[in-house]
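A quick write-up on the structure given underneath.
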Amino acid sequence: AEEVERVEIRWPSGRVQVLERPETRRYLVVREGKEGIVASYVGPADTEDLVAHKQLVEIDSRPAVPRYAAGDDQTVTDHYKAGVELYRQGRYQEAIDALRASIHMQPDSLKTYYSLGIVLYSGLGRAEEAAAVLEEAVARDSSWTQAYALLGAVYMDLNRKDRAIQFLKRAVALNPEWENYNRLGLAQLRSENLMAASSAFEHAVRQAPWHPHSHLNLARIYERQGREQAAARQRQIFAQLRPVQDQVQRHLENLAAFPGDIESRHLLGEAYVAQGRIEEALAAFRQVIAIDSSYAPAHYGVGAALHYKSELQAAIASYERACKLQPNMVGAFADLGQAYHQLRDYGQAIAAYRRALALQPGLQAVRTKLGMAYAHRGDLQQAVETFKAVLSVDSTLVEARDALAQVYAAQGQYTAAIREWKAVLRLDPRYPRAVSQLRLACEKLVQKKAPDSQTAAKRGLGDE
């Protein structure tokens, strides 16, 4: 027929599904519970039902005439590359022909089986055929993690949950990365194996604490187990992590379209740092530098990533390069000061902090660090004046007040130190060290007063 107005499907469950004006002269894939057409493709399919007999796929040894434009001199690699490119273009049937031509020439090419499975499953929704092709791949090489992971997804789509779990467990055994654990957890969840699902998601979270979705999946499990507080905590983590992961995804998509966009690549590195993925961040920043060695923010990014790894000398070199390229980069000067501070090179730290403050005087956190550098160098009075300057701007900064108290204690001014630590505890009753330092200062003050009392008493006896 040239045109069909309506197709009515009555599923065994009793559900009725209606397709209005579906395409003709195409195979349509429709699944119960999913609205509309899942996938469509031109036919007929050029293989038999490969899953029905539950045996290895036999690749037809007869020369096949591909339906895509292929020259007689094309190699295995040519066919494979053509198949991948046709898939990217959405020309799925031609991609299948190209990949099958490649397999015909090289039957043991596992990556070609895998790619063919992706086209069949993701491109056309032909899950049964995809399963058969992928089973052939793992039969040829039982150590290929990606094929097992994809088989798990295919069998979940076919609602063969036990089979999916079997393959996903194999994927985890071969490569215990978070994505495989997450897939296994989802399969266990759909099979109502809550304890097994919880264990898989917990492994995923440990492997990739930066990724939000494992936390969300874990929250759902905890809710079903009645663990409300644990579920709420995981949802809170999910909410915190999701915006950064969205940024990562957005930058990756932009770079796929525009690989030379150094700003997107730099922002990707910054997002990786925010996630704690330092090696990925370093790779991104260094890729930017390889494209443009004068791009100061990338040198700063490398410095920050190395600083995170406590590679202080290397971090300093990158910070200094960034500062030289862009002399108004406040953050680079501030972090350069911090790196020198950690190396106990207080003179260089003070110089870098002061340069940052000259560019942006309102950075009270940097001014507090400057005061600490003065104190560590022994310039206690300069430190006191610096901390007082910070507190005159914002009296609630407990770090500055705690540091001022420590300097007072070092000067033997215990009454002043006690006053500042009491103020710290009013602002933050749980502030680290404040309680113990306050107690110690009180003891020191008593000890200091005791000799004075004894001297006064002796003087009184002498007068008598």
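Laboratory data are not the source of any read-out in this text; all were calculated from the coordinates shown. On a predicted model such as this, the values are computed, not experimentally measured, just so you know. Cβ atoms come from the backbone with ideal geometry, glycine included; neighbour counts cover every protein chain shown.
Rounded to the nearest Hz, the phi-derived 3J(HN,Hα) couplings of the range 410-420 under the Karplus curve 6.51 cos²θ - 1.76 cosθ + 1.60 (θ = phi - 60°) are 5, 7, x, 8, 5, 4, 5, 4, 4, 4, 6, where x marks glycine and proline.
Between residue 444 and residue 279, the contour length at 0.36 nm per residue exceeds the alpha carbon distance by 54.6 nm.
Each of 86, 158 was scored by other Cβ atoms within 10 Å of its Cβ. Listed from fewest to most, they are 158, 86.
Other residues within the sphere of radius under 10 Å centred on the Cβ of residue 332, judged by their own Cβ, net out at +1 (K and R +1, D and E -1). For residue 235, the shell of other residues with beta-carbons less than 15 Å away shows a net charge of +3, using +1 for Lys and Arg and -1 for Asp and Glu. Pairs exceeding 29 Å between alpha-carbon atoms, taken from 169/309; 324/369; 388/444; 369/449; 422/448: 169/309; 369/449. Calculate the FRET efficiency for residue 166 and residue 228 from the Cβ-Cβ distance with a Förster distance of 51 Å, rounded to the nearest 0.05. Approximately 0.95, to the nearest 0.05. Close amide H partners of residue 225, meaning residues 5 or more places away or on another chain with modelled amide H under 5 Å apart, do not exist here. Label positions at residue 9 and residue 220, each projected 7 Å from the Cα along the C-beta direction, are separated by 2.3 nm.
If you average the alpha carbon positions of the range 120-197 and of the range 281-302, how far apart do those two centres end up, in angstrom? So the separation of the two Cα centres works out to 38 Å. Once the C-beta distance of residue 73 and residue 158 is scaled by a Förster radius of 41 Å, the resulting FRET efficiency is 0.55 to the nearest 0.05.
If the chain linking residue 261 and residue 292 were pulled fully straight, counting 0.36 nm for each residue of separation and taking away their Cα-Cα distance, it would gain 10.1 nm.
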